[in-house]
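I have placed the structure first, in the form of structure tokens, so that the comments after it can refer back to it.
The values are calculated or read from the model by the stated rules, or taken from the named source; none is laboratory data. Please read all numbers here as calculations on a predicted model, not as lab measurements. In this analysis, Cβ positions are derived from the backbone assuming ideal geometry, glycine residues included, and neighbour counts consider all displayed protein chains. Side chains included, ligands, DNA and RNA excluded: accessible areas come from the protein's heavy atoms. Shrake-Rupley method; radii C 1.70, N 1.55, O 1.52, S 1.80 Å.
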Amino acid sequence: MCNNGKSCTFAVSMVLNYIWIAFFIIAFVIALVKLVFLGDFEVFPAMMDSTFASSKTAFEISLGLTGVLSLWLGIMKIGEKGGVVNVLARLLRPIFTRLFPEIPAGHPVTGSIFMNIAANMLGLDNAATPLGLKAMEQLQELNTKKDTASNPMIMFLVLNTSGLTLIPISILVYRAQLGAAQPTDVFIPILLATFFSTLAGIIITSLFQKINLLNRTMLLTLGGLALAVAAVIWGFGQMDSLLMNKVSTSAANIMLMTIIVAFILAGVKKKVNVYDAFIEGAKDGFTTAVRIIPYLVAILVGIGVFRASGAMDMLIGGIEWTVQVCGGNTDFVGALPTALMKPLSGSGARGMMVDAMTTYGADSFVGRLSCIFQGSTDTTFYILAVYFGSVGIVKTRHAVACGLLADLAGIIAAIAIAYLFFG
């Protein structure tokens, strides 16, 4: 059991620790078997070569991210200071008051929840996490059983773990760095997949908590969004693959450019010095790129050794065989490691995504699907550990089940949408 935020975070990091150790131990054992029984004298040199190559790749990718990260973090800072988060919070208010019926009307926690979700939707992680921790503290004040998760706490966390994000900046940046012809071609698919993940999370949690979604506000909002998404899917389904890719990429670029202009205009309206705000945010681009170097080196080297030993091929081959026996299409299997890692670790899943794009190509089906997996959900166990741990919650009730079911919905939606757009 976790009694505080640090111990919970430590417990989650230990899971990644065991996975990382397993990469090397399994790779070593398989390589040893190949050497002794199959006479494969190339496997150990290949593994060592992969450690150097993976380290170099991780370093080059991290430094290559600096410019684009600086650009987007600068734009995000303008939006933050321009009050875009507050606007989103106001738009979300009618929906969230019905998703959290146990929170008294006018309680300050509603503001923290709205701001946290709005910041998450804009990809403002630095702003979202403190707001989320504040919301948990305020929810704990309303909680009558201090060691047990309350219904509002669980709904709040599921909304976080379902990963609803309007601007998947980091994924687009990685695609650009790894040579994708159109880095934004996964933008619309990610929005669709994360919508299904979030919708599933809301419905599943509402069923557990007996929240009535059949009211005018929820039906109009969720029903309207579902119809819009269905219309988008139907519309793209009428196009051939070439036209679909062209329309999707154009729509994504128009939306992203509109967001940039809207953020700048919001800053102007608030009388923010948008240039200074941009510079302030952009400064974080370099530090962010440098900060991820050790994480990316660690996970890419571990995956590289695992792949060079043949262990990854055995794992993928086993899953592929199972899918074939069931009569399914196996094109998606190569991207599954990203989906399986995502609930456990954001950095681990990011490494799997980069490995998939490096191995199969950024514009391959597997490379694109791994990006959609990365953007469709969030790190469920990490979020649960940090947020629950911060207020001493040890009895999580249905939080894990709801979070993982939302993840599963996101994974299934990602596969289906990838086949629609890129299959």
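Residues in the range 145-160 carry Karplus couplings, in order, of 10, 5, 9, 10, 5, 7, 4, x, 4, 5, 4, 4, 5, 5, 5, 6 Hz; the curve used is 6.51 cos²θ - 1.76 cosθ + 1.60 with θ = phi - 60°, and Gly or Pro positions show x. The trypsin sites (Lys or Arg not before Pro) found in the range 129-190 that occupy coil by DSSP, while having at most 13 further C-beta atoms within 10 Å, are LYS145, LYS146. Dipole magnitude for the range 310-423: about 440 debye, using +1 per Lys or Arg Cβ and -1 per Asp or Glu Cβ, origin at the Cα centre. Using Cα centres only, tell me the gap between the range 155-208 and the range 252-302 in whole Å. Comparing the Cα centres of the range 155-208 and the range 252-302, I get a distance of 18 Å. Work through the residues other than THR148 whose Cβ is under 15 Å from its Cβ and net out their charges, Lys, Arg +1 and Asp, Glu -1. Taking every other residue near THR148 into account, the sum is +1. Dipole magnitude for the range 61-131: computed about the Cα centre from +1 point charges on Lys and Arg Cβ and -1 point charges on Asp and Glu Cβ, it is near 200 debye. In loop segments of the range 193-271 as defined by DSSP, the trypsin sites (Lys or Arg not before Pro) with at most 13 further C-beta atoms inside 10 Å of their C-beta are LYS210, LYS271. Cross-link pairs exceeding 22 Å in C-alpha to C-alpha distance, out of LYS77/LYS271; LYS34/LYS56; LYS81/LYS283; LYS77/LYS270; LYS145/LYS210, comprise LYS34/LYS56. Potential lengthening of the chain between LEU242 and MET48 amounts to 65.7 nm, from the contour at 0.36 nm per residue minus the alpha-carbon distance.
3J(HN,Hα) along the range 128-141: 5, 5, x, 5, x, 5, 5, 4, 5, 4, 6, 5, 5, 4 Hz, from the Karplus curve 6.51 cos²θ - 1.76 cosθ + 1.60 with θ = phi - 60°, whole Hz, x for Gly and Pro.
Taking the alpha carbon gyration tensor of the range 266-399, multiplying each eigenvalue by 5 and rooting it gives semi-axes of 34, 22, 16 Å, largest first.
Accessible area per residue for the range 86-172, computed on protein heavy atoms with a 1.4 Å probe, is 39 Å². Using 0.36 nm per residue and subtracting the Cα-Cα separation, the extra length available between ASN329 and TYR275 on full extension is 14.4 nm. Summed over the residues of the range 210-280 and divided among them, the accessible surface reaches 66 Å² per residue at a probe radius of 1.4 Å. Charges were assigned to the Cβ only: +1 to each Lys and Arg, -1 to each Asp and Glu. The resulting dipole of the chain about its Cα centre is roughly 1360 debye. Our coupling estimate for the range 395-401, obtained by passing each phi through the Karplus curve with A = 6.51, B = -1.76, C = 1.60 and θ = phi - 60°, is 10, 8, 6, 8, 4, 5, 4 Hz, Gly and Pro reported as x.
Atom-type composition of the exposed protein surface of the chain places 68 percent of the accessible area on carbon and sulfur (1.4 angstrom probe).
Cβ-Cβ distance of THR322 and LEU408, R₀ of 22 Å, FRET efficiency by 1/(1 + (r/R0)^6): the value works out to about 0.80. Annotation: amide H of ILE393 has no partner in the under-5 Å range at sequence separation 5 or more or interchain, hydrogens built in the peptide plane. Taking all C-alpha pairs of the chain, those more than 29 Å from each other amount to 48 percent.
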